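Beneath this line is the structure, given in structure tokens, with notes to follow.
The values are calculated or read from the model by the stated rules, or taken from the named source; none is laboratory data. Here the structure is a predicted model, which is why all the values come from computation and not from measurement. Ideal geometry is used to build each Cβ from the backbone, glycine not excepted, and the neighbour counts take in all protein chains shown. When the accessible area is computed, the model is the full protein with side chains, heavy atoms only, and any ligands, DNA or RNA have been set aside. Shrake-Rupley method; radii C 1.70, N 1.55, O 1.52, S 1.80 Å.
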Amino acid sequence: MAVTLRGPVGLAAAPILTAVANGGRTNDPDLLVAGAQRSAMLVAVGSVLATASVILALLALNATTSGVTSTTAVPWIIALLVCGALIGVCCVVQQRLWLRAWNVWRVDPSASVGERFSWVVHVVSYPVVVAGIFAGIAASHDVGFAGAVANWSTLALVPLIGAQVVGAVQHVRKDGPPGTIPTHVRRLAARIERSRHED
């Protein structure tokens with residue numbers, strides 16, 4: 001049974017209801033701009049988290065210069081530092097693309113604004129964050145999971161993962177959730193289910 005809303009509430013909710021009925025897809029400029037603003041803000045938070053990860057990795061690197069520390073931990077900390085910086089670059093690129101989409105969709109909601117490149121950037125962020133996690137754990141392992149190096153390396157992993165989850169995966173799109181792993185799994189399951197019904 002269809003629900004019809006009348007009055008000012010109905011006028012405000014109509015684009016949202018239309019988008020829901022179309023599976024999240026919409027060409028309404030107000031909804032597209034609002035979505036772009038929200039995503040750009042999330043990516044900005046991701047950039048801040050990536051910066052925090054780099055700072056913590058620098059503190060871990062600084063800790064290797066004082067006290068008795070395994071020199072084999074240094075390359076791992078540098079790798080962690082590089083991964084934090086790369087996730088930061090992914091977030092900056094995503095934010096620039098979202099801000100461009102925000103400006104373009106206000107004028108032309110049907111325009112394409114680098115969705116494919118943004119999707120590639122989000123895919124690249126996955127191996128980078130995995131490499132960062134591995135490097136952080138390896139650095140802590142090399143110093144016996146104790147001391148300042150291990151503490152800073154482990155702490156650097158929290159904002160690194162947060163930056164990827166909150167910011168880097170927010171690829172430019174007009175519909176649907178961001179490119180997180182649970183979303184990819186749900187899409188794959190839905191595709192498998194559709195192929196079973198088509199057979």
So, by mean Cβ neighbours within 10 angstrom, what's the order for 139-146, 42-49 with the highest one leading? 42-49, 139-146
Residues of the range 28-175: accessible area per residue with a 1.4 Å probe, Å²: 48 Å²
